[in-house]
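Chemist: This is the structure, below, for whatever I ask next.
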Amino acid sequence: MIRDSIGYLRAKGLRIFFDAEHFFDGYRDNSGYALQAVAAAAKAGAECVVLCDTNGGSLPEQITEAVKAVQKASPVALGIHAHNDAELAVANTLAAVEAGVVQVHGTINGYGERCGNANLCSIIPTLKLKMGIDCVSDKQLSKLSDVSRYISELANMPHYDRFPYVGDDAFTHKGGIHVSGLIKWEDSYQHINPDLVGNRPHVVVSELAGKGSIVFKARERGLPVPKGKAIEAVLEQIKVLEKQGFQYDVAEASFDLLLRRVQPDY
């Protein structure tokens, strides 16, 4: 059936990418038959065979093993299509690329059935910045955070703050010692420069804040930077109020007022 279908379409002048649904589960159950199916697609003229983890339950080492077995059985170019039911879609995709896969399936923000598909907003910057694969231009990469938010809006989905690379919390710092380190050396608590993916560092002020957090936040907000006892006064007030139930993590206007009230000319 595979051979006849691909042969018919090739005779019509079409380029064929063959998606081998449930391939990795099939390979674990009957590797010989799974490899025969892939070989049949290749011999019939498929330009690329996409290996699918349709149930999303494979582990990275299982992906690598199967990809290498397919490479030995057939010279055709390979793709990867991973689902996220074990929270491994991105890891499995990257493992497949390391094993020699040349085409990647995924969706922006990982949107898809059940637990979702492989998240391109994590895959693209990892390929480019950490694996040296120039899959997009620097300019395109710098728009990634905007694209992620735009797709969330189109899908009528809240944009998840904890998305790697593109989420609001991806480069957010709360602990005082973290912020102090960040001011001295930006790479101390950030695995990449957030500008590369169109994101930015963000400091939230809480009972964990130190003087560095106040200084960073004041500069970020374009406010006068309090000095000496004024910083200590702000910190103490934040800690007292948070013990009463107030939270300044996302109340930036209220924090602005705290900073202004300690200025001599307030």
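Chemist: Express the carbon and sulfur contribution to the solvent-accessible surface of the chain as a percent, rounded to the nearest whole number, probe 1.4 angstrom. Numbers along the way, then the final one.
Modeler: Details: 7700 of 14510 Å².
Here it works out to 53 percent.
Chemist: Related question: How big is the gap, in Å, between the Cα center of region 101-133 and the Cα center of region 146-195?
Modeler: What the calculation gives is 18 Å, centre to centre.
Chemist: If you take the Cα atoms of region 10-99, find Rg, then find the Kirkwood Rh from the mean of 1/r over all pairs, what is Rg/Rh? Intermediate values should be presented prior to the final figure.
Modeler: Details: Rg = 12.6 Å, Rh = 13.0 Å.
Here Rg/Rh amounts to 0.97.
Chemist: If you don't mind, there's one more thing I want to ask. Name the long-range amide H neighbours of HIS83: under 5 Å, sequence gap of 5 or more, or other chain; modelled H, no Pro or chain starts.
Modeler: Hits under the 5 Å cutoff: ASP53, GLY56.
Chemist: A follow-up question, please. Amide H of TYR111 versus every other amide H placed in the peptide plane: which residues, excluding those fewer than 5 positions away on the same chain, fall under 5 Å?
Modeler: ASN117
Chemist: Residues with amide H under 5 Å of VAL50's amide H, sequence separation 5 or more or different chain, H placed in the peptide plane at 1.01 Å from N; which?
Modeler: Answer set, sorted by chain and number: PHE18, ASP19, ALA20, GLY79.
Chemist: So, one more: What shape does region 106-147 take by its C-alpha gyration tensor, where a ≥ b ≥ c are the square roots of the eigenvalues and a/c under 1.5 counts as rounded, a/b above b/c as prolate, and the rest as oblate? Mind dumping the intermediate values first?
Modeler: Numbers: a/c = 3.36, a/b = 1.72, b/c = 1.95.
Since a/c reaches 1.5 but b/c is at least a/b, the shape of region 106-147 is classed as oblate.
Chemist: How much accessible area per residue does the chain have, in Å², with a 1.4 Å probe?
Modeler: Numbers: 14510 Å² over 266 residues.
Averaged over the residues of the chain, the accessible area is 55 Å².
Chemist: Same structure, new question: Tell me the trypsin sites (Lys or Arg not before Pro) within region 1-58 that lie in a loop according to DSSP and have at most 13 other beta-carbon atoms within 10 Å.
Modeler: Counting only loop positions with at most 13 other Cβ atoms within 10 Å, the trypsin sites (Lys or Arg not before Pro) in region 1-58 are LYS12, ARG15.
Chemist: Another question, if that's okay. Mind pulling the angle between the C-alpha long axis of helix 252-261 and the longest principal axis of the chain? Nearest 10 degrees, somewhere in 0 to 90.
Modeler: 20
Chemist: Another question, if that's okay. In whole Hz, with x marking every Gly and Pro, tabulate ³J(HN,Hα) for region 8-24 from phi via Karplus 6.51 cos²θ - 1.76 cosθ + 1.60, θ = phi - 60°.
Modeler: 5, 5, 5, 5, 8, x, 8, 7, 10, 10, 9, 8, 8, 4, 6, 4, 5
Chemist: Which of the lysines could a cross-linker span from LYS72 if the Cα-Cα distance has to be under 25 Å and same-chain partners fewer than 8 positions apart are dropped?
Modeler: The reachable lysines, counting only those whose Cα sits under 25 Å from LYS72, are LYS43.
Chemist: Could you work out how far helix 89-99 tilts from the main Cα principal axis of the chain, as a 0 to 90 degree angle to the nearest 10?
Modeler: Helix 89-99 sits at roughly 60 degrees to that axis.
Chemist: Oh, and also: May I ask for the angle, rounded to the nearest 10°, between helix 31-43 and the longest principal axis of the chain, with both axes built from Cα atoms and the value confined to 0 to 90°?
Modeler: Tilt relative to the chain: about 80 degrees.
Chemist: If you don't mind, another one. What FRET efficiency do you get for ARG260 and ASP195 if R0 is 30 Å and r is their Cβ-Cβ distance, rounded to the nearest 0.05?
Modeler: Details: r = 29 Å, r/R0 = 0.97.
Approximately 0.55, to the nearest 0.05.
Chemist: Counting Lys and Arg as +1 and Asp and Glu as -1, what is the net charge of the other residues whose Cβ lies under 13 Å from the Cβ of ILE6?
Modeler: On the way: positive: ARG3, ARG10, LYS12, ARG15, LYS43; negative: ASP4, ASP19, GLU47.
With Lys, Arg at +1 and Asp, Glu at -1, the net is +2.
Chemist: I need the GluC sites (Glu not before Pro) found in region 54-137, filtered to DSSP loop residues with at most 14 other beta carbons within 10 Å of theirs.
Modeler: On the way: sites: GLU61, GLU65, GLU87, GLU98, GLU113; in loops: GLU87, GLU113.
Passing sites in region 54-137 are GLU87, GLU113.
Chemist: Sticking with this one: What net charge is computed for the residues neighbouring GLY79, neighbours being all others with C-beta under 11 Å from the C-beta of GLY79, Lys and Arg scored +1, Asp and Glu -1? Don't skip to the end; give the middle numbers.
Modeler: Numbers: positive: none; negative: ASP19, GLU47.
Cβ neighbours under 11 Å give a net charge of -2.
Chemist: Shifting gears a bit: I need the shape label for the chain. Rule: rounded when a/c is under 1.5, else prolate if a/b > b/c, else oblate, with a, b, c from the alpha carbon gyration tensor. Don't skip to the end; give the middle numbers.
Modeler: On the way: a/c = 3.28, a/b = 3.14, b/c = 1.05.
Prolate, since a/c reaches 1.5 and a/b exceeds b/c.
Chemist: Same structure again: Could you list the trypsin sites (Lys or Arg not before Pro) in region 135-204 that lie in coil according to DSSP, counting only those with at most 16 other Cβ atoms within 10 Å of their Cβ?
Modeler: Working: sites: LYS139, LYS143, ARG149, ARG162, LYS174, LYS184; in loops: LYS143, ARG162, LYS174.
Taking region 135-204 and a limit of 16 other Cβ atoms within 10 Å, the loop trypsin sites (Lys or Arg not before Pro) found are LYS143, ARG162.
The values are calculated or read from the model by the stated rules, or taken from the named source; none is laboratory data. These figures come from a predicted structure and were not determined experimentally. Neighbour counts run over all protein chains shown; Cβ positions are idealised from the backbone, glycine included. Surface accessibility is based on the protein's heavy atoms, side chains included, excluding ligands, DNA and RNA. Shrake-Rupley method; radii C 1.70, N 1.55, O 1.52, S 1.80 Å.
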